[in-house]
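Down below is the structure, laid out as structure tokens.
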Amino acid sequence: MSSDRDSLLDKLEQNPVIAGLRDASAVRLALAKGMQVFFILGGTILELDEVVRAIKAKGDTTAFVHIDLIPGLGKDQVAVDYLAKRVPLDGVVTTRSHLIRAAKDAGLLAIQRLFALDSEAVRTGLNILRSSEPDAVEILPALVLPYLGHKLPVASMPPIIAGGLVETVAELRAVLDSPAVAVSTSRVELWEWSKKRC
């Protein structure tokens, strides 16, 4: 599994923007813009296989499904096993630590999503990371990372992805100047951004 995580981190180093797909219609556009890493954040279980297959058909792409956000998909071990065996995806994103462990047991990459709403939420989130041991952590909202980053025990944490509320290139730059290795966004105008362009 470490080679899968290394491959993900290599892609994020090349382009630190993750395409957040809220519906199936955004897939073609994201692929046309050369995106390599995708978070599927919407649609239904009926569309999921088709969306993932479209992403994977492009080659050298990585597809994650946010298991908490897909209607019709259970929030349990059976849902994770279904995804691992029936859908050609690479991993899951979830707020639920028991699904992180289930995903890793099923051979999928696992990203723990945490909300940094206040100091207590951050402390609780760090404890969750220690117990669930995800491959990466997505911290929301992204805009807290430039202020919070220096307070985090980054050396003992999994790679940090920032998500939510990033609307401009300036905000994207600020977040990527923090400990975050990538930003997930559904804003199409940010999908083409890379370190080389700015």
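The values are calculated or read from the model by the stated rules, or taken from the named source; none is laboratory data. Note that the coordinates shown come from a computational prediction; the quantities given were computed from them, not determined experimentally. In this analysis, Cβ positions are derived from the backbone assuming ideal geometry, glycine residues included, and neighbour counts consider all displayed protein chains.
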Matching residues in the range 101-142 (of a type outside the set (S, T, N, Q), farther than 16 Å from Ala63 by Cα and assigned to a helix (DSSP H, G or I)) number 13
Within the range 7-24, which residues are of a type in the set (Gly, Ala, Ser) and either modelled with pLDDT of 95 or more or in a strand (DSSP E or B) (or both)?
Ala19, Gly20
Scope the range 144-153; condition surrounded by 14 or more Cβ atoms within 10 Å (Cβ to Cβ) and more than 16 Å from the chain's Cα centre (by Cα); matching residues
Val144, Pro146, Leu148, Gly149, Leu152
Residues in the range 25-62 that are crowded, with 17+ Cβ neighbours inside 10 Å and assigned to a loop (DSSP other than H, G, I, E, B): how many?
6
Here the residues within the range 90-135 that are in contact (Cβ under 8 Å) with a residue 12 or more places away in the chain, within 19 Å of Gly164 (Cβ to Cβ) and over 18 Å from the mean Cα position of the chain (by Cα) are Val122
